[in-house]
Amino acid sequence: MQILNQDIKDGSFKKAYLLFGEEAFLKMSYKNRLKDAVTAGDTMNFNHYEGKGMDINEIIGIADTMPFFAERRLVLIEDSGWFKGGAGGEEMSAYMEHIPDTTCLVFVETEVDKRSKLFKAVKKYGYAAEFGRQDASQLGRWAAGILSKNGKKITGRTMEFFLSKTGDDMENISSELEKLISYTLGRDVITEEDVEAICTTQVSNKIFDMITAIANRQTRKAMDLYEDLLTLKEPPMRILFLIARQFNQILQVKELMGQGMDKSTIASRMKLQPFVAGKIMLQAKTFSREQILSYVNLCVDAEESVKTGRLTDRLAVELLIAKTY
């Protein structure tokens, strides 16, 4: 991001940029910033293409066209599939070295194969920026900066609680921050009570609470959380997937704890937010290794029961939740 920020600040743009990675909020943000910086609001020299099946020859023809009364032409290409072997990738990779100095190509992709010719060509003739999930400290600084600009203060403890409810999706965090700012109008300090009152708990957090309830033999509470998720239109099979993923993470964390690793090391090894790693470590202590493995197997059995038609998806998850040790 430093290179992108510098290029935007200096107005010195490369011939091609690739924006990719899991963090959609950052991709969208830098896509818009590049667009505004290169075109300065000029729509005459801006072309936008999106989706598979685009006409590569048309795009190359546009890219070869001199800008009209401007320094540069911007061609924005989104979700082409060219970086995953889609038709057009070979032609575009061959075209990379022939892009005019007056043209800037910006690719925004969901999936990228770093071994592809086009990816290597963009790296050679332009810049490829990967936007991964941000860690807790980065998210905390970013969120605190937004609050500060709006005249709000928040403690580190309250920020950690806030992020534990929102998860690490920056778009969701931004939305929840807007709610917090509006809710605390007239006050400058945001409290945990404010976060609890106004911020929406993400599905993954409800899954975490559900598994905590299972560990504490609170079957009724676990079932109530399941009903909440169904009310929110979450498909039972997605809930089953999240439960299975959670138990797999608990198993991995328990094994790493057994090797003497601390929270920060486990978070780094498993690519988790530190506060998430800490919560999973607490769960890992409540289960024996055999119990965790049993639940992992139960998740596999539940999925198989649905796929073979022995159980409905909703009933399969209910039976899984009701199984206690």
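Pairs are defined by a Cβ separation below 7 Å, a sequence spacing of at least 6 or placement on different chains, a first member in segment 144-157 that is under 10 Å from ILE190 (Cβ atoms), and a second member that is part of a helix (DSSP H, G or I) and of a type in the set (Gly, Ala, Ser); the pairs so defined are ILE154/ALA144. Across segment 183-203, the qualifying residues are those that are touching a Phe, Trp or Tyr at 6+ places or on another chain (Cβ under 9 Å) and open to solvent by less than 20 Å² (accessible area, probe 1.4 Å), and the one among them that is modelled with the lowest pLDDT is CYS199.
When each of ILE59, ILE77 is tested for being open to solvent by less than 30 Å² (accessible area, probe 1.4 Å), touching a Phe, Trp or Tyr at 6+ places or on another chain (Cβ under 9 Å), part of a helix (DSSP H, G or I) and within 24 Å of VAL112 (Cα to Cα), the lone residue that passes is ILE59. Tell me, yes or no, whether segment 219-229 has at least one residue that is among the aliphatic types (A, V, I, L, M), touching a helix residue (DSSP H, G or I) at 6+ places or on another chain (Cβ under 8 Å), closer than 19 Å to GLY167 by Cβ and free of Cβ contacts under 8 Å to residues at least 60 places away in the same chain. Looking for residues that are among the aliphatic types (A, V, I, L, M), touching a helix residue (DSSP H, G or I) at 6+ places or on another chain (Cβ under 8 Å), closer than 19 Å to GLY167 by Cβ and free of Cβ contacts under 8 Å to residues at least 60 places away in the same chain, one finds at least one in segment 219-229, hence yes. Filter segment 228-267 down to residues that are among the acidic types (Asp, Glu) and at pLDDT 90 or above and give me whichever is surrounded by the fewest Cβ atoms within 10 Å (Cβ to Cβ). Among those residues, the one meeting the criterion is ASP262.
Among the residues examined, LYS123 qualifies as open to solvent by 60 Å² or more (accessible area, probe 1.4 Å) and either more than 30 Å from ASN172 (Cα to Cα) or not in a loop (DSSP other than H, G, I, E, B) (or both). Scanning for something acidic (Asp, Glu), surrounded by fewer than 17 Cβ atoms within 10 Å (Cβ to Cβ) and farther than 22 Å from PRO274 by Cα, does segment 164-182 turn up at least one residue? Checking segment 164-182: at least one residue is acidic (Asp, Glu), surrounded by fewer than 17 Cβ atoms within 10 Å (Cβ to Cβ) and farther than 22 Å from PRO274 by Cα.
Filtering ASP64, ASP10 for residues that are touching a Ser or Thr at 6+ places or on another chain (Cβ under 8 Å) and either loosely packed, with under 15 Cβ neighbours inside 10 Å or under 25 Å from ILE173 (Cβ atoms) (or both) leaves a single hit, ASP64.
Criterion applied to PHE83, PHE25 was being under 29 Å from ASP135 (Cα atoms) and surrounded by 19 or more Cβ atoms within 10 Å (Cβ to Cβ), and the one residue passing it is PHE83. From the list PHE208, PHE161, the one residue that fits, being more than 30 Å from MET96 (Cα to Cα), open to solvent by 20 Å² or more (accessible area, probe 1.4 Å), touching a residue at least 60 places away in the same chain (Cβ under 8 Å) and assigned to a helix (DSSP H, G or I), is PHE208. Can we say ASP36 is modelled with pLDDT of 90 or more and either within 25 Å of ASP169 (Cβ to Cβ) or open to solvent by less than 20 Å² (accessible area, probe 1.4 Å) (or both)? When the stated conditions are applied, ASP36 passes them.
Across segment 35-73, the number of residues qualifying as closer than 25 Å to ASP7 by Cα and free of Cβ contacts under 8 Å to residues at least 40 places away in the same chain comes to 26.
The set of residues in segment 192-243 being within 24 Å of the chain's Cα centre (by Cα) and of a type in the set (Lys, Arg) consists of LYS206, LYS233, ARG238.
The values are calculated or read from the model by the stated rules, or taken from the named source; none is laboratory data. Here the structure is a predicted model, which means the values were calculated and not measured. When we count neighbours, we look across all protein chains shown, and the Cβ atoms used for this are built from the backbone with ideal geometry, even at glycine. Surface areas here come from the heavy atoms of the whole protein model, side chains and all, with no ligands, DNA or RNA. Shrake-Rupley method; radii C 1.70, N 1.55, O 1.52, S 1.80 Å.
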